[in-house]
Amino acid sequence: MDDKNQMSETPNFKGMFEGATMTNCTQNFIWGNETVHVYSDGKQAKDVPLTVTDKDIKSTLEALLREKDQEGKLLIKNKKQWWAVYRVLSTFCLYPKQMTAFKTKITDMEIDYGGNPNVITYESLTEGSKAVPQIAAISPSAWDTYKDISDNYKQQYVVAEYLMLKLGIKS
């Protein structure tokens, strides 16, 4: 298993550690070739999809880049919407919380943008967060109450909702 795809084959060993006392950080345990991620904040598998692989995320992102809304327009209308992708993946899928590291991880996936001109950049992540300050510190699963504030909020919500549904974070 190479470093780039380390999470790709990580099985769900959550049950082995139930009842363990830990701090609020994620604990990583290594057994042979496998790294097992254990969550100490009480999140259940539905909230944190431990079985979602980088390959699953890549295909979901490629589908998102081609997905159209009811008007036939792309869901990813502008680069700032990558911030919603960043928030969902860093919150629920153990992707880097540092924006530069996140951008590098997504770039290293070699995503097929399918003609969508809205390629991820570091600037798109920082600008995205500035465009929606009221949800910057709120979990993406609670963004639905903010979606009607403006088009910026709606665009971030639509992307986050799509990802959470497709990745099994939200039903």
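The values are calculated or read from the model by the stated rules, or taken from the named source; none is laboratory data. Not measured: the values here are computed from a predicted model. As a convention, Cβ positions derive from the backbone with ideal geometry for all residues, glycine included, and neighbour counts pool all protein chains shown. Note: areas computed on protein heavy atoms with side chains; ligands, DNA, RNA excluded. Shrake-Rupley method; radii C 1.70, N 1.55, O 1.52, S 1.80 Å.
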**OP:** Find the accessible area per residue for the stretch 62-171; the probe is 1.4 Å, ligands and nucleic acids are left out, and the unit is Å².
**Re:** 49
Subject >> Loop-located trypsin sites (Lys or Arg not before Pro) in the stretch 90-160, at most 12 other Cβ atoms within 10 Å (DSSP) >> reply: 97
**OP:** Given the peptides 80-89, 120-129, arrange them by the average over their residues of other C-beta atoms within 10 Å, most packed first.
**Re:** 80-89, 120-129
Subject >> Cα-projected label distance for residue 142 with residue 112, points at 7 Å along beta-carbon direction, nm >> reply: 3.9
